[in-house]
1. Along the charge dipole of the chain, which of G373, A280, G342 sits closest to the positive end, that is, farthest toward it, with unit charges on the beta carbon of Lys, Arg, Asp and Glu (+1, +1, -1, -1)?
2. Got a sec? Charge dipole of the range 153-262, +1 on Cβ for Lys and Arg, -1 for Asp and Glu; which of A187, G198, V249 is way out at the positive end?
3. Taking only DSSP H segments of four or more residues, each worth -39500 (n - 2.57), what value at 222 nm results for the chain once the sum is divided by all its residues, to the nearest 500 deg cm²/dmol?
4. What is the distance in Å between the Cα centroid of the range 363-433 and that of the range 314-337?
5. I'd like the FRET efficiency for D133 and H222, computed as 1/(1 + (r/R0)^6) with the beta carbon distance as r and R0 of 56 Å, rounded to 0.05.
6. Mind jotting down the distance between the C-alpha centroids of the range 172-187 and the range 71-123, whole Å?
7. Rounding to the nearest 20 debye, state how big the charge dipole of the chain is about its Cα centre with +1 on each Lys and Arg Cβ and -1 on each Asp and Glu Cβ.
8. Computed over the Cα atoms, what is the radius of gyration of the range 102-171 divided by 2.2 N^0.38 Å, N being its residue count?
Amino acid sequence: MNPFVTSPKRTPRETFDVAVVGAGIIGATIAVSLARTGLDVIVIDANGTPGFGSTSSSAGIVRVHAFDVESSAMAAESIAAWTDWREFTSTPADEAVAEFVRCGTFVFDDGTESLERLADTMTRARVDYDEVDGNGLARALPWADTRRFGPPAAIEDSAFWREPTERIERALHTPTSGYVSDPALAAQNLAALARRLGVRFELGRRVTGFAEQSGVTRIELHDGGHLDAAAVVNAAGPHSRTINALAGVGGDFTVGLSAHRQELHLVHLPETVSMSRDGAHIVDGDLGINFRPDGDDAVLVGGNGSPVDGVEVLDDVDSLDPSPSREAWYRHSVRTARRIPGSRISVAPSGIAGLYDVTDDWLPIYDRTDRDGFYVAVGTSGNQFKTAPVVGDLMTAIVRAGLDGHDTDATPLTHTLPLSGATISSSAFSRRRTPLLGGSRG
């Protein structure tokens, strides 16, 4: 029996302090933080189990490099929680818990100014990193061909197959970074903690509308039921645009939202390569891929947004085909084989496709909206899994400020991270911000 399913499905009229729409990693962490401040919280999700939306199609990367200071500082703050996830989520010893694998990240020089920007950002965020030269890179990654193949080209282009004459001579290394092999389980661990804190879950129920009712928001559900809440947080991932439209918000956003179809593929490596011994998370802008270890003899590979690959945007988020395409699988596999000679390309695609909730600048929006009592934690897919342990507290501060009558548009909040002491201004993730130019999800 699924412990999160609440019966009966058709609930009587009830009023909550906060309703969170979305039970992925972000919705779950927000629910935990809200409940810890004494608020009565309910989580609603159309899926039948927490973490089964875009969270389940995430690579689970926990990286501390970013193009903005706030995300870098928040990711570094989150490392302690990921390192002891069982303690952070208070998961009992007899229950499964997500595991964080610390493998470090290498960001390759891609011929642009990305490394300079990342180094500057991490310096300002007080995040530790090392600069590695070509010889150091070859020693750290003995299985890699560190020649410079880029810039990224389509594999049908003869430029992709030319023999390189130079090697990559510079990279950034962040030793604390890593990955979580089961992102959905991480969300479920948080959801279980939320449930123990008194949060109620309504799963398998789809939101169909919002209405004002006696000073609270009535949330209408597809089965004819409804719930009332003083505040609503939209953390619905790829469905967040639909939820915003139902609530009549988004007209004053200066940052756009869209749903991107993304694929991750499993590529098996030569028998001589041991990822458990020598593996790392690689951001390879030179070839247009990112990958991280998956067990001892494989890597999980995705694109990093290279313009040559294009973008697949879905207007109808329910039309997603979760099967990997042969085109993307072959592209990622062949690029991986260039970087890791001897990689074994399977006869059929192996991987998964998912939908990412993406903003114009690949930074999230954590903010109020122009509808009283309606808040958003959106644009998080594919880039904010890493910061999930601290996002809940930031969003809780924003929601509680609104409930107390504070206008965060006029006076943004300053949120202090407890371990590092770094301060985060809510304006960095404002719906009305000027989009950050030149960033990427890598």
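1. G373
2. Positive-end residue among those listed: G198.
3. The helix-only estimate for the chain comes to -7000 deg cm²/dmol at 222 nm.
4. Taking the Cα centre of each part, the range 363-433 and the range 314-337 sit 32 Å apart.
5. Taking R0 as 56 Å, the efficiency between D133 and H222 is 0.45.
6. 6 Å
7. My answer is approximately 500 debye.
8. Cα Rg divided by the expected 2.2 N^0.38 Å: 1.26.
Readers should treat all values here as calculations from the given coordinates under stated rules, not as data from a laboratory. No experiment lies behind these values; they were computed from the predicted model shown. Don't worry about glycine lacking a Cβ; one is built from the backbone with ideal geometry, like all the others, and counts go over all protein chains shown.
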